[in-house]
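The values are calculated or read from the model by the stated rules, or taken from the named source; none is laboratory data. Just so you know, these numbers come straight off a predicted model, no measurement behind them. Cβ atoms come from the backbone with ideal geometry, glycine included; neighbour counts cover every protein chain shown.
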Amino acid sequence: MRDNSKQASFADFLLGNRTKVTRTEKLLQRINEEVDFSFAHEVHNKLHKAKTGRRPYSAVLMYKIVLLQNLFGLSDAGAEEAIYDRKSFQDFLGLNLNDNIPDESSIGRFRNALVEAKEDENFFQEVDKQLEEKGIMVSKGKSVDATIIEVPKGRKKEDGTSTRDKDASFTKKNDRTYHGFKGNIATDTRGEFIKTCHTSTAKDHDSKHIDKLLDGKEEAVFGDSAYASQERKKEFRKEGKFYGMIDRASRGHPLSSSQKKKNKKLSSIRCRVEHPFAEIKCRMNFKARYRGIRKNEWQFKMVCAVYNLKRVIGQIYPPQRQAVAWIN
């Protein structure tokens with residue numbers, strides 16, 4: 001397999017003589033220091049069983065590229081260009097100036113192989129395992145929520161067919177129509193780590209997939225009024241668990257003053273589940289790039305795992321140690 005085993009060139013030595021380390025470079029250095037990518041060797045052997053032909057790029061290298069894509073919201077072509085352009089990316093990948101850089105086709109083929117092998121779930125579980133190994137405690141409760149992942153509505157062709165993604169669907173929120181999918185997540189009650197995630201088509205009601213987010217071991221569950229269920233509430237109380245869903249008014253049955261006070265208290269906890277969505281969409285520039293629910297499910301689960309990795313670094317290193325640093 002092709003990896004980053006070449007000796008550093010004289011140009012690498014000259015470019016390395018700098019006086020400042022940026023926040024991005026420091027973050028990537030911390031990920032390299034704290035994350036064990038050895039699990040990718042087993043993935044490599046699983047994906048590349050042939051002993052003949054052109055040597056493939058190592059799965060460690062390709063996994064790191066996928067991580068960069070989800071961390072910075074890069075397409076395959078954007079990732080290739082950014083690796084050529086950014087020295088911090090090359091250092092993170094362990095590449096020198098005279099190394100071969102995977103092109104967008106290689107990145108796309110690796111992603112398709114991961115999708116087909118359903119390695120997204122394994123990667124998410126691997127991140128979760130390493131999080132536990134570092135002693136980062138996660139609360140036993142969960143907060144659930146969903147966000148809309150928009151995709152293009154497509155256009156009609158002259159022959160009457162359409163380019164619209166058949167797996168996507170329409171939904172309405174706040175008098176606005178959306179087309180795409182829904183990303184469903186369950187976080188710890190502090191809203192720091194994503195514990196489970198699931199992707200569905202946009203028209204599905206949020207509560208439809210709550211069982212895919214819960215494992216029955218939760219001592220408490222929080223969510224907005226879309227998840228309110230009297231049957232589930234009775235089940236939780238019977239099992240001695242806390243049911244923290246926001247109460248919902250119905251026709252002829254407005255909320256009482258005590259219910260409003262309770263909702264206000266629960267909202268202060270429930271709202272934290274929104275934080276990962278803000279980070280993923282606004283700072284990690286996440287958006288759906290592929291057709292079909294399976295590929296979008298893969299992308300959403302990967303970006304959730306990368307989000308957790310980013311949170312791990314934030315837990316281990318205070319923000320002051322991640323800022324731009326001057327080298328003495």
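A few remarks follow.
- Taking each residue of region 208-221 that is in contact (Cβ under 8 Å) with a residue 60 or more places away in the chain and farther than 18 Å from R190 by Cβ and looking for partners that are of a type in the set (K, R) and surrounded by fewer than 20 Cβ atoms within 10 Å (Cβ to Cβ) with beta-carbon atoms closer than 9 Å, six or more apart or interchain, yields I210/R232.
- In region 289-320, residue surrounded by the fewest Cβ atoms within 10 Å (Cβ to Cβ) [restricted to those that are touching a helix residue (DSSP H, G or I) at 6+ places or on another chain (Cβ under 8 Å) and polar (S, T, N, Q)]: N308
- Residue pairs meeting the criteria (Cβ under 7 Å; at least 6 apart or on separate chains; first at positive phi, in region 261-289; second not aromatic (F, W, Y)): N285/G73
- Wholly within region 82-153, helices (runs of 4 or more DSSP H) carrying at least 1 residues that are surrounded by 13 or more Cβ atoms within 10 Å (Cβ to Cβ) and under 17 Å from the mean Cα position of the chain (by Cα): 104-117, 119-133
- The set of residues in region 132-169 being of a type in the set (A, V, I, L, M) and over 20 Å from T201 (Cβ atoms) consists of I136, M137, V138.
- Residue in region 43-53 that is closer than 20 Å to R283 by Cβ and assigned to a helix (DSSP H, G or I) present: no
- Residue that is farthest from N70 (Cα to Cα), among those in region 308-328 that are modelled with pLDDT of 50 or more and β-branched (V, I, T): I316
- Single residue of region 154-164 satisfying the filter (assigned to a loop (DSSP other than H, G, I, E, B) and hydroxyl-bearing (S, T, Y)) that is surrounded by the most Cβ atoms within 10 Å (Cβ to Cβ): T163
- Of all residues in region 188-200, those that are modelled with pLDDT of 90 or more have Cβ atoms under 6 Å from Cβ atoms of residues that are among the aliphatic types (A, V, I, L, M) and part of a strand (DSSP E or B), 6 or more apart or on another chain, in I194/I185; K195/A186; T196/A186; C197/I185.
- Subset tally (residues that are in a loop (DSSP other than H, G, I, E, B), within 25 Å of E218 (Cβ to Cβ) and touching a strand residue (DSSP E or B) at 6+ places or on another chain (Cβ under 8 Å)) for region 165-201: 4
- Any hit, region 30-43, residues being hydrophobic (A, V, I, L, M, F, W, C), exposed (fewer than 11 other Cβ atoms within 10 Å of the Cβ) and either farther than 16 Å from V306 by Cβ or at pLDDT below 85 (or both): no
- Sole residue being in contact with a strand residue (DSSP E or B) (Cβ under 9 Å, 6 or more places away or on another chain), over 27 Å from V151 (Cβ atoms) and either modelled with pLDDT of 90 or more or not assigned by TED's automatic domain parsing to the domain that holds Y63 (or both), chosen from K217, K260, K233: K233
- Members of region 54-81 that are at pLDDT below 85 and either surrounded by fewer than 18 Cβ atoms within 10 Å (Cβ to Cβ) or part of a helix (DSSP H, G or I) (or both): R54, R55
- Residue that is farthest from A168 (Cα to Cα), among those in region 202-259 that are among the acidic types (D, E) and assigned to a helix (DSSP H, G or I): E235
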